[in-house]
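Derivation of every value follows stated rules applied to the coordinates shown; laboratory data play no part. Keep in mind the model is a prediction, meaning the values are calculated, not measured. All Cβ positions, glycine included, derive from the backbone under ideal geometry; neighbour counts span all protein chains shown.
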Amino acid sequence: MSNGNSPEDERPIEDVSQGVSEDVSEEARPSVGRVLQQARVAAGLTVDDISNATRVRIAIVHAIEADDFAPCGGDVYARGHIRTLAKAVGLDPAELLARFDAAHGGRPAPTPAAPLFEAERIRPERRGPNWTAAMVAAIVAVIGFVGFTFVKGGDDGSEASVAEGDQPAAGESPSSSAKPKKPADPKPDPTDSAIAAAPRDKVTVKVSATDGRSWISAKDHNGRLLFDGLLKQGDSKTFQDNEKVNLVLGDAGAIQLYVNGKKIDDDFQPGSVERLTYTKGDPQVG
């Protein structure tokens, strides 16, 4: 009994590797989903086999084989899944992607990731307290206090000493008695503190959708699913395990990773599907 396939998936079909004769019209050629389904069956693989090998969810595999690309979440994700499934069943993804693009208005424009990455990575540095402004304010306060003291002292008959040019004692200056208080250190970012405090006996991975939305999947070292879903732009997820965390990124170009308290500098391309494993000894791709 097959696991993950309907009886219709397992019925005998013609060998897709023979292609389509040249005299058949473009409309009569098998669809993208049909070609993938035929190649899978010809390879003796079930939908469960394909899902386990590619980490594409069973429901999405069924939908793609039925030429329903809506569950993929957009053309960029659909192209990534088509490429992954084609490789899993031994097909060249280029022809299938060309068919998909022709049927869906052409290849989607690349996501303008570079400006977003610059906005994320070229952030203005935290500025320390403005000591010059604090010192000027302190000096003005001292001068005002001294002037007030002199005026008050004049009411007691001390105008003469001021008029005769008496100066303050040597070594004293209006600013010598006033020491500006040191401002409290700026509070650290709670997110950065939490990452920096990641325990050394575990692996901690934070996934942030900084440059767009992305479907992600995370599993622990036993293969138990920690998360499987769409991460919207601006959202973050943190995963922790005693040994390792396995990740699948549907649009790796939109993701920023922090592993064991350290930011991972990557060159993932928009729309690329990445499979990563991180352990306690990282950051480094497993």
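Were the residues from LEU230 through ARG55 laid out at 0.36 nm apart, the gain over their Cα-Cα distance would be 61.5 nm. Modelled spin-label separation between VAL142 and THR277, with each label point placed 7 Å from Cα along the Cα-to-Cβ direction: 6.6 nm. For the residue pairs LYS87/LYS202; LYS87/LYS206; LYS232/LYS263; LYS87/LYS280; LYS219/LYS280; LYS87/LYS219, the C-alpha atoms sit more than 27 angstrom apart in LYS87/LYS202; LYS87/LYS206; LYS87/LYS280.
Packing, as the average of other Cβ atoms within 10 Å across residues, places the peptides 136-149, 40-53 in the order 40-53, 136-149, highest first. Spin-label model, ASP92/ARG200: points 7 Å from Cα along the beta carbon direction are separated by 5.3 nm. Each peptide in 247-259, 71-83, 268-280 receives the mean, over its residues, of other Cβ atoms within 10 Å, and ordering these scores from highest gives 247-259, 71-83, 268-280. Model label sites at ALA43 and THR149, defined 7 Å from Cα along the beta-carbon direction, differ in position by 8.8 nm.
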